[in-house]
Amino acid sequence: MQNVKRKVFTGAMALLLAASVSAGVSSKAFAAQKSKEKLPEKYIQGYLVKDGKKTPVYNNTPKSKTQYATSPYEGNYPKLAEDPYAPAPGSGSTTTKSADMKNIIYFKYEGFKAAFKEGEEKRDAAPYLEKKSDGTIEMGVYDPKTGELSNLPFTLENQERAKNGEEWMVNQYGPSMAWSKAFDGTSKLKRDSKYKLLGTSVVNNSAEWWSGLDIKHGVNTTESYSLAWTVGFKISVEAGGGVVPGKTTTEFSTELTNQFGSEITISDEVTYKDQTRVPKADNPDYQYNVYRGALYQLESTYTLEPGTGLKELMSAGGMNNLFTQGLANPKFAYNEKELYYPVTPGSHLE
């Protein structure tokens, strides 16, 4: 009899527990549904700032006839949670594009010194390979500090290769002379673009939100070299070395635009204090007394991804192991001019 009572009691408890769980799930689903219902049909998702112009981005903004309503990267805008106390995401989603590698590859080689001109003292240098327009491949050196290029240190190797061909060079000196492997078409230049978080906080609905952070976009002289080593460009240098301000970044913009098939702008470095202000919350039905603001900057990271042949060449010994230290700068992150300021959904209407 006691066993029967125990079974009845256990069964009743199980039913109560199941009902409790079911009710909990239902109430959560109901709460989530109510939360969604509280959002207005149209609200400001954030503000895009580009070239000094601030544009509101609405949750239901239709694409324009020019395809993009606000930015080519509008699909990557970070979105804040409906709860202003929830943390802001570290970044938005990523757009990835891939292009063929250019015709010059820069390598790392620490401790190497070479003379760039006849009678000149040796200085820090590292090797590069260049595929010419006629299909021939030559080796030279570049100065990591000035961007200057020279074929002088490898004059004999280049002449011998031009006379006898690559197969002969490989048989004579080893697999590190198979330079054509570096340009077998399998290496790619990748461009990943996303909005990265710079700062975020919550403020009262009656207050404007602003970051007051120092913003930097563009490249300085040192970064121009690093970008060139990554994407494989020859940069214009002044007599004695050094980039030409304005001209170098214009060349970058033109080359990258042609390479990726979409407009890309590289500019000289600019640093300033962020003065953009997000207006106070204006939705009378907004359910919180604070809203979250955040600042994101569009960042494009260029990565040279070695293909089969380039990997084989970098692992080959011989010729003083000129390629075994790897690429000069495999990856470069570029800060774009584009900023995005999302706000808590439903807090701002106009």
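Look through the range 83-113, keep the residues that are closer than 18 Å to TYR225 by Cβ, outside any strand (DSSP E or B) and of a type in the set (Phe, Trp, Tyr), and return whichever of them is modelled with the highest pLDDT. Among residues in the range 83-113 that are closer than 18 Å to TYR225 by Cβ, outside any strand (DSSP E or B) and of a type in the set (Phe, Trp, Tyr), the one modelled with the highest pLDDT is TYR109. Scanning the range 265-301 for residues that are within 16 Å of LEU227 (Cα to Cα) and either of a type in the set (Lys, Arg) or free of Cβ contacts under 8 Å to residues at least 60 places away in the same chain (or both) yields ASP268, GLU269. Of the candidates THR301, THR248, the single residue that is among the polar types (S, T, N, Q) and part of a helix (DSSP H, G or I) is THR248. State yes or no: is SER224 under 26 Å from GLY309 (Cβ atoms) and in a helix (DSSP H, G or I)? Spelling it out, it is not the case that SER224 is under 26 Å from GLY309 (Cβ atoms) and in a helix (DSSP H, G or I).
Here GLU118 fulfils each of the conditions (1) of a type in the set (Asp, Glu); (2) at pLDDT below 95; (3) in the same structural domain as PRO330 (by TED's automatic domain parsing) apart from (3).
Can you find a residue that is touching a Lys or Arg at 6+ places or on another chain (Cβ under 6 Å) and surrounded by 20 or more Cβ atoms within 10 Å (Cβ to Cβ) anywhere in the range 191-210? Yes: one or more hits.
Can LEU213 be described as surrounded by fewer than 18 Cβ atoms within 10 Å (Cβ to Cβ), of a type in the set (A, V, I, L, M, F, W, C) and in contact with a strand residue (DSSP E or B) (Cβ under 6 Å, 6 or more places away or on another chain)? Yes, satisfied.
Matching residues to (1) in a loop (DSSP other than H, G, I, E, B); (2) hydrophobic (A, V, I, L, M, F, W, C); (3) closer than 23 Å to PRO78 by Cβ:
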position: THR254; (1), (2), (3): no, no, no
position: PRO284; (1), (2), (3): yes, no, no
position: ARG292; (1), (2), (3): no, no, yes
position: TYR296; (1), (2), (3): no, no, yes
position: GLY309; (1), (2), (3): no, no, no
position: PHE323; (1), (2), (3): yes, yes, no
position: ASN335; (1), (2), (3): no, no, yes
position: LEU349; (1), (2), (3): yes, yes, yes
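Of SER315, SER300, SER347, all but one fail to be outside the structural domain of GLY90 (by TED's automatic domain parsing) and either small (Gly, Ala, Ser) or under 20 Å from SER253 (Cβ atoms) (or both); the exception is SER347.
The values are calculated or read from the model by the stated rules, or taken from the named source; none is laboratory data. Please read these numbers as outputs of a predicted model, since none were measured by experiment. Note that we place each Cβ from the backbone using ideal geometry, even for glycine, and neighbour counts take in every protein chain shown.
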